[in-house]
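What follows is a short report on a single structure.
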Amino acid sequence: VNIYKRDMTFEIAEKIILKAKKLIDDYYYVNEMLSNLYIEKGDALENVGNFSKAYIFYNKAKQIYPDSEVQLIEKYHRLTDNLIREAETASMMGDYPLAIESLNFALDISPGKQFELSPILDDLYSKLSSEESQKIKQRIKDVVENKKNEIKNSMNKKILVGMSSNEVKNAIGLPDIKDVINRGDRMYELWTYHSPIPKRIYLEENLVIKVE
């Protein structure tokens, strides 16, 4: 895939790597390849100004291959800086709602910028009338919530009873904790996931029998 990837669409490359991942289970090299593909997709989306989608793909890359987090630190910083620049441009053009939306998204990615960006946000809100400010605050809250939900939904595929253990791993990765439960002559596995949404999955003979 690495050799011919430049001649493929993202969808074809992703399909090939996912097929390889299914065949050889959770091999780290395949996970790294898929993570790098998602990072490249995120870079492409960021270059055309689609920052929310870029953020989704960066997060997918980190979930598939946690070691990519070091590489992603720079990506998150750049994404935050681009959003701040977008806010500055919008503010100069008098588009205060867009400026506020961009800064709130930047804070969502980089909470450590709170001290730096909060005074700028307060100034932007002060440029709006009191009534309009309340409407904008609610709109911004809704937008940020929608983006969070979009990111969460993209990272959490539904796990169904009857799925195989490999299908579960391909969908949401390896569990944080794996326990074995013996009840009489039956043996179960309990897979526990702590994030992004806490989840407990019970398996018997490598098939899902219950999801909590």
### Task
Considering every residue within the range 63-74, establish whether at least one is at pLDDT 85 or above and not in a helix (DSSP H, G or I).
no
### Query
Taking interchain pairs and intrachain pairs at least six residues apart, which have beta carbon atoms under 9 angstrom, with the first residue in the range 37-54 and on the phi > 0 side of the Ramachandran plot and the second in a helix (DSSP H, G or I)?
Gly49/Asn82; Gly49/Glu86
### Task
Working carefully through the options Ile64, Ile100, Ile109, find the one that is more than 19 Å from the chain's Cα centre (by Cα) and either buried (at least 20 other Cβ atoms within 10 Å of the Cβ) or of a type in the set (Val, Ile, Thr) (or both).
Ile100
### Summary
Going through the range 45-55 in order, the residues found to be surrounded by 14 or more Cβ atoms within 10 Å (Cβ to Cβ) and among the hydrophobic types (A, V, I, L, M, F, W, C) are Leu45, Phe51, Ala54
### Query
Considering only residues of the range 133-151 that are at pLDDT below 70 and under 24 Å from Tyr193 (Cβ atoms), which is nearest to the chain's Cα centre (by Cα)?
Ile151
### Summary
Output for Cβ contacts, cut-off 8 Å, separation at least six or different chains, first residue closer than 12 Å to Tyr76 by Cα in the range 103-118, second open to solvent by 20 Å² or more (accessible area, probe 1.4 Å) and charged (D, E, K, R), reads Phe105/Lys147; Ala106/Lys113; Leu107/Lys113; Asp108/Lys147; Asp108/Lys148
#### Entry: Qualifying positions in the range 171-195 - crowded, with 16+ Cβ neighbours inside 10 Å and not in a strand (DSSP E or B)
Ile172, Gly173, Pro175
### Criterion: among the hydroxyl-bearing types (Ser, Thr, Tyr) and at pLDDT 75 or above - qualifying residue of Ser154, Ser126, Ser130
Ser126
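Across the range 11-31, which residue is farthest from the chain's Cα centre (by Cα) among those that are of a type in the set (Phe, Trp, Tyr) and modelled with pLDDT under 70? Can you show your working first?
Just the residues of the range 11-31 that are of a type in the set (Phe, Trp, Tyr), to begin with: 27-29.
Narrowing further to those that are modelled with pLDDT under 70: 27-28.
On the way: Tyr27: 21, Tyr28: 20 Å.
The extreme case among them is Tyr27.
The values are calculated or read from the model by the stated rules, or taken from the named source; none is laboratory data. Please read these numbers as outputs of a predicted model, since none were measured by experiment. FYI the Cβ positions are ideal-geometry reconstructions off the backbone, even for glycines, and counts take in every protein chain you see. For the accessible areas, the whole protein counts, side chains as well, though only heavy atoms, and no ligand, DNA or RNA atoms are used. Shrake-Rupley method; radii C 1.70, N 1.55, O 1.52, S 1.80 Å.
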